[in-house]
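The values are calculated or read from the model by the stated rules, or taken from the named source; none is laboratory data. None of these values were measured; they are calculated from a predicted model. Here the Cβ positions follow ideal geometry from the backbone for every residue, glycine too, while neighbour counts run over all protein chains shown. Ligands, DNA and RNA are stripped out before the accessible areas are found, and what is left, the full protein with its side chains, is counted by its heavy atoms. Shrake-Rupley method; radii C 1.70, N 1.55, O 1.52, S 1.80 Å.
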Amino acid sequence: MQLTRQQAAAVRRVAARRKTSDAAIVREAVDLWLRTQGHSGDADERWQRALRVVGAFRSGVKDISREHDREFAEASRS
């Protein structure tokens with residue numbers, strides 16, 4: 001795979017401004033393009049996004065870890 005001279009120069013400028021590598025800029029651009037085309041990314045990325053929300057919400061229920069099946073059944077009936 002090769003970039004045009006103009007593309008390569010633009011990538012170098014962005015990389016220099018962000019103090020990162022040309023390759024990192026290209027990977028970011030490819031990832032963005034893939035998402036716009038409906039590709040969800042790899043499983044690791046989804047897993048990391050899911051982990052970021054763990055503990056972010058509070059139910060107020062103290063025994064939720066012991067009674068999760070009952071709580072889920074009740075919530076499903078609503």
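Within the accessible surface of the chain, defined with a 1.4 Å probe on protein heavy atoms only, the carbon and sulfur portion equals 55 percent. Each Lys and Arg adds +1 at its Cβ and each Asp and Glu adds -1 at its Cβ; summed about the Cα centre, the chain shows a dipole of about 600 debye. Annotation: per residue accessible area for the chain equals 92 Å², rounded to a whole number [probe 1.4 Å, protein chains only]. Projecting the Cα atoms of VAL61, LEU34, GLN48 onto the dipole axis of the chain, where Lys and Arg carry +1 and Asp and Glu carry -1 at the beta carbon, places LEU34 farthest toward the positive end. For the chain, the equivalent ellipsoid built from the Cα gyration tensor has semi-axes of 45, 15, 9 Å, listed from largest to smallest.
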